[in-house]
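The values are calculated or read from the model by the stated rules, or taken from the named source; none is laboratory data. Remember, predicted model here, so these are calculated numbers, not experimental data. Note: ideal-geometry Cβ built from the backbone for every residue, glycine included; neighbour counts use all protein chains shown.
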Amino acid sequence: MVRTYALLAWTWTRAAMAYRASFAIMVVLGVCLTAADVAVILVIFSHTTALAGFTRDEVLFLYGSAGLPFALCDLFVSNVDRVSQHIKAGTLDAMLIRPVSTWLQLAADRFTPTRAGRVLQAAGVLGYALAVLDLDARRLWMLPVMVVTGAVIFASIWTLGGAVQFLLTDAPEVINSFTYGGGQLTQYPLSVYGRDLVRGVTYVVPLAFVNWQPALYVLDRDDPFGTPGFVRFLGPAAAAVLALLAALAWRQGIRHYRSTGS
Amino acid sequence: MPPRRRPDHNPGLPLAGPRTGPGTACHRAITLRRCVSFSLYARLVRYGFRKHSTYVGAALAGAFTNSVFGVLRAYILIALWQVRPNLAGYDVTTAVTFCFVTQAFIGPMQLFGGGLTLPERIRTGDIALDLVRPAPLQLWTLAEDLGRAAYLLLLRGVPPMLVGAAVFGITVPQGPARWLGVLACVTAGVVVSFAWRYLICLSVCWLADDRGVMVCSLLLTTLLSGMMVPLPLFPGTLGEVVRALPWAAMAQAPADVYLGTAPIGPTLAFQAMWAAALLALGALATRAVRHRVVIQGG
Amino acid sequence: MIETDRAGRSFKVRGAVVHAVRDLSFRIEPGEFVGCLGPNGAGKSTTIKMLCGILTPTSGRVRVAGLDPSRARTALARRIGVVFGQRTTLWWDLPLRDSFELIRLLYKVDRKLFEVRLDELTEALDLGGFMRTPVRQLSLGQRMRGDLAAALLHAPEVLVLDEPTIGLDVVSKAGIRSFLLRVNAERGTTVLLTTHDLGDVERLCRRVLLIDHGRLAFDGTVGDLMATAPGQATIEEVVTRLYTRGRAVPPPVEPV
């Protein structure tokens, strides 16, 4: 499956590389676009040394550790939320006659290699934050776990967004508030947000486990909302549950499409 | 004998005859004169409104997304204002209101770009049909865009404000004079935004790949219009420069008028100046496009 | 090779139940070349979608190459090739060559075999001139040839075509028809073709299915078809009679 995806993505990459100058410009612009979010953080911290109890470098750490899985998903999986476009254009039928899962085809369709710039940008910010923060080396094992869990969570949200479009073909933009909204939310410490919102993103849509809860462990800080210590390690479990839900929703969506037609 | 007047003759044009018929200098002058009637543009505004009112689902979905982002950004500003109250001359409530007002502007001012069908028409060549109409392309498109903005102001502008009011509480302009000022500045903001987007769209004519320009425009507009963070927060001279740029006229300026932190007159003048400058550039660009498309057939 | 047993498909449209296809039973043996006729809205496209696995039947049974399309979609996909006349199965923004490459990857066709097949199809369909052109810039005839090649690259046993000659000029139609005959004769590919063009039926199909109002109204050879209305000279007249059974017939238009 991974091999099929990689080969498909490579075909799109080759086609994009035929326009070298355009390719390079788009990579640079992609980096600039996401760097704008970093610029906002820097502007905010030009007026204060701490935001909701977190320093600038800690916020950059949060930004990078959420931004990296988000950018990875944006690169590899985000096209899954174009279900509604494909249904309207009739191209979903063309995918159903191929011997490959529709999810894979949708994810690989119009693979945009220029988004890789954003991955590098997020990794760069994360690297900077790790370098300047004085972190306990024994806690750093959580870092790769964070990135993987984060990627699974974002990918699941994107998949759920796509699955919903089998029913709500006319309003696909609603999904953006969960996918890109989730990306925006996780850039800052959750102590910035209200209690109800934080509860929502901990127990309903587990965005808190993308970077907040694991980061509390890595930074060795207490949760301002008072969740007990073991919650820091629930990330993989939350991601697994969400992924299962997303897979079921997707299958249901395809079944719905095939039993009602377009 | 003088030519007889036909009953359906347009009184704006001279009668046909040997001195005014085809081939004469008079005829050439008439056919080159542009049709500039107010009722035409009023109709185009209405048409633009009606065209976009068919996409209710998309507009409401956009309103939902804008509201969600408004809530997220508001929390961040609240956290900042907790450590620095009265930063940049705003208090907490004003800052939160600023947040939702700029989110409300996303729809009408199209701060994420788009809203014009020009790039597609340029790519397919249909732009040639638009250019031979007896009305300036830029004014025509502006009229339709104003209709679109009016519709989106209602459907994507009002909901985030309501959400902001419900979740946090927002400030509201005092008095009818200020409300009129807000309306004038919002309209001016739409015009500036249109003029910028129009220029970007026309650039498609000269570039093989328009995505780069679109992303560049997106970057400049989102960062410099005040949508991501209030422009007064930009430090020092950078802040002053940024507030003088056209993108500030799109969102920051009308937002400040709404909040009462800026006077109506000078703000309107600032917006009008940029609108005039960009529209003038647009007119030059249109002439260049006409030359390229209609005369050269490119 | 293709078998339906009282297959049916109904839709709920604004509260009412619409039977697009009902009680459809037919059997197509391997190597046959079958045409499918029917007035607009008769249920031909719905039938094709059920055979491909895009739509699941609401009643009855469908089997293609021994597989149930609604359960074994991916297994079946390797053994059938589909051409939609009104839409393309190619990738809109990519050059034709890249579309074929994606198909090779999706169907996991061995590279050497793929190159041989591609050369054959390029020759037979004259694709060489526009291999590097993006699909969206191709003319209708070129795109249709591209779609045909795309459907046959993985050497399927069954080829299903939904109005492949629609909108094509006379020369393009003739080219596609002779190609389809070759595919059926040389490789023994079973071909099922829906069409409005009776010229396709006359020149290509040994057997004809006529679907009207969702039911199978006729199943037999072209000769049998002509025999249903002795006295009618042309196939147009025969088919018009079958489409408009019992209803007022518009008078035939005489050539000027």
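Values computed for the structure shown
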read-out	value
Search result, residues across segment A:179-212 that are in a helix (DSSP H, G or I), out of contact with any Ser or Thr (no Cβ under 9 Å at 6 or more places or on another chain) and of a type in the set (Phe, Trp, Tyr)	A:Tyr203
Qualifying residue in segment B:241-263 (condition: over 25 Å from B:Cys99 (Cβ atoms), without any contact (Cβ under 8 Å) to a residue 12 or more places away in the chain and more than 19 Å from the chain's Cα centre (by Cα))	no
Residues of segment B:208-229 satisfying the condition of being more than 9 Å from chain A (Cβ to nearest Cβ) and without any contact (Cβ under 8 Å) to a residue 24 or more places away in the chain	B:Val213
Filtered residues of segment B:201-246 (kept if β-branched (Val, Ile, Thr) and outside any helix (DSSP H, G or I))	B:Val229
Unmet requirement for B:Arg197, which otherwise passes all of (1) within 14 Å of chain A (Cβ to nearest Cβ); (2) surrounded by 21 or more Cβ atoms within 10 Å (Cβ to Cβ); (3) of a type in the set (Lys, Arg)	(1)
Residues located in segment A:186-224, provided they are more than 10 Å from every other protein chain (Cβ to nearest Cβ), hydrophobic (A, V, I, L, M, F, W, C) and over 28 Å from A:Asp136 (Cβ atoms)	A:Val204, A:Val205
Members of segment C:93-102 found to be more than 8 Å from chain A (Cβ to nearest Cβ) and in contact (Cβ under 8 Å) with a residue 40 or more places away in the chain, listed by number	C:Leu96, C:Ser99, C:Phe100
Residue in segment B:40-48 that is within 13 Å of chain A (Cβ to nearest Cβ) and not small (Gly, Ala, Ser) present	no
Total residues in segment B:56-67, condition surrounded by 21 or more Cβ atoms within 10 Å (Cβ to Cβ) and either facing another protein chain (nearest Cβ under 7 Å) or more than 23 Å from B:Gly113 (Cβ to Cβ) (or both)	3
Selection status of A:Ala249, part of a helix (DSSP H, G or I), closer than 24 Å to B:Tyr75 by Cα and among the small types (Gly, Ala, Ser)	no
Enumeration of residues in segment C:36-57 that are touching a helix residue (DSSP H, G or I) at 6+ places or on another chain (Cβ under 8 Å) and not aliphatic (A, V, I, L, M)	C:Cys36, C:Gly38, C:Pro39, C:Lys49, C:Cys52, C:Gly53, C:Thr56, C:Pro57
Evaluation of A:Ile153 against (1) surrounded by 21 or more Cβ atoms within 10 Å (Cβ to Cβ); (2) within 14 Å of chain C (Cβ to nearest Cβ) (one fails), failing number	(2)
Test: C:Gln142 is more than 14 Å from chain A (Cβ to nearest Cβ), surrounded by 15 or more Cβ atoms within 10 Å (Cβ to Cβ) and out of contact with any Cys (no Cβ under 8 Å at 6 or more places or on another chain)	yes
Close pairs (9 angstrom Cβ cut-off, 6 or more residues apart or separate chains): surrounded by 10 or more Cβ atoms within 10 Å (Cβ to Cβ) in segment C:234-252, at pLDDT below 60 anywhere	C:Thr240/C:Val249; C:Arg241/C:Val249
Scan of segment C:10-32 for residues that are within 13 Å of chain A (Cβ to nearest Cβ) and touching a residue at least 60 places away in the same chain (Cβ under 8 Å), ordered by number	C:Ala20, C:Val21
Given (1) of a type outside the set (D, E, K, R); (2) in contact with a Leu (Cβ under 9 Å, 6 or more places away or on another chain); (3) modelled with pLDDT of 90 or more, index of the condition C:Leu94 fails	(3)
Enumeration of residues in segment C:51-77 that are under 17 Å from the mean Cα position of the chain (by Cα) and facing another protein chain (nearest Cβ under 10 Å)	C:Cys52, C:Gly53, C:Ile54, C:Leu55, C:Pro69, C:Leu76, C:Ala77
Residue satisfying all of: in segment A:88-102; touching a residue at least 60 places away in the same chain (Cβ under 8 Å) and assigned to a loop (DSSP other than H, G, I, E, B); farthest from the other protein chains (Cβ to nearest Cβ) among these	A:Ser101
Filter result (without any contact (Cβ under 8 Å) to a residue 12 or more places away in the chain and either within 14 Å of A:Ala239 (Cβ to Cβ) or surrounded by 14 or more Cβ atoms within 10 Å (Cβ to Cβ) (or both)) within segment A:204-229	A:Arg221, A:Asp223
Matching entry among C:Thr165, C:Thr194, C:Thr189 (being crowded, with 18+ Cβ neighbours inside 10 Å, β-branched (Val, Ile, Thr) and modelled with pLDDT under 90)	C:Thr165
Failed item in (1) within 12 Å of another protein chain (Cβ to nearest Cβ); (2) modelled with pLDDT under 90; (3) under 21 Å from A:Ala151 (Cβ atoms); (4) touching a Phe, Trp or Tyr at 6+ places or on another chain (Cβ under 7 Å), with A:Gly183 passing the rest	(2)
Criterion (at pLDDT 90 or above and surrounded by fewer than 21 Cβ atoms within 10 Å (Cβ to Cβ)) met by exactly one of B:Ala149, B:Ala166	B:Ala166
Subset of segment C:105-131 that is under 25 Å from C:Ser178 (Cα atoms) and within 14 Å of another protein chain (Cβ to nearest Cβ) - its residue that is surrounded by the most Cβ atoms within 10 Å (Cβ to Cβ)	C:Phe114
Residue selected from segment A:233-262 under the condition without any contact (Cβ under 8 Å) to a residue 24 or more places away in the chain and of a type in the set (D, E, K, R), by the criterion farthest from C:Thr56 (Cα to Cα)	A:Arg251
Complete set of residues in segment B:95-125 that are among the aromatic types (Phe, Trp, Tyr), under 19 Å from B:Leu220 (Cβ atoms) and assigned to a helix (DSSP H, G or I)	B:Phe105
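Listed here are the residues, each with its yes/no results for (1) buried (at least 22 other Cβ atoms within 10 Å of the Cβ); (2) out of contact with any Leu (no Cβ under 9 Å at 6 or more places or on another chain).
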| position | (1), (2) |
| --- | --- |
| A:Gly67 | yes, no |
| A:Asp74 | yes, yes |
| A:Lys88 | no, yes |
| A:Thr91 | no, yes |
| A:Ala94 | no, no |
| A:Leu104 | no, no |
| A:Ala108 | yes, no |
| A:Arg118 | yes, no |
| A:Ala131 | no, yes |
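Conditions tested, residue by residue: (1) within 11 Å of another protein chain (Cβ to nearest Cβ); (2) among the aromatic types (Phe, Trp, Tyr); (3) not in a helix (DSSP H, G or I).
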{"residue": "A:Leu8", "(1), (2), (3)": "yes, no, no"}
{"residue": "A:Ala16", "(1), (2), (3)": "yes, no, no"}
{"residue": "A:Ala35", "(1), (2), (3)": "yes, no, no"}
{"residue": "A:His47", "(1), (2), (3)": "yes, no, yes"}
{"residue": "A:Glu58", "(1), (2), (3)": "no, no, no"}
{"residue": "A:Ser65", "(1), (2), (3)": "no, no, no"}
{"residue": "A:Leu68", "(1), (2), (3)": "no, no, no"}
{"residue": "A:Leu72", "(1), (2), (3)": "no, no, no"}
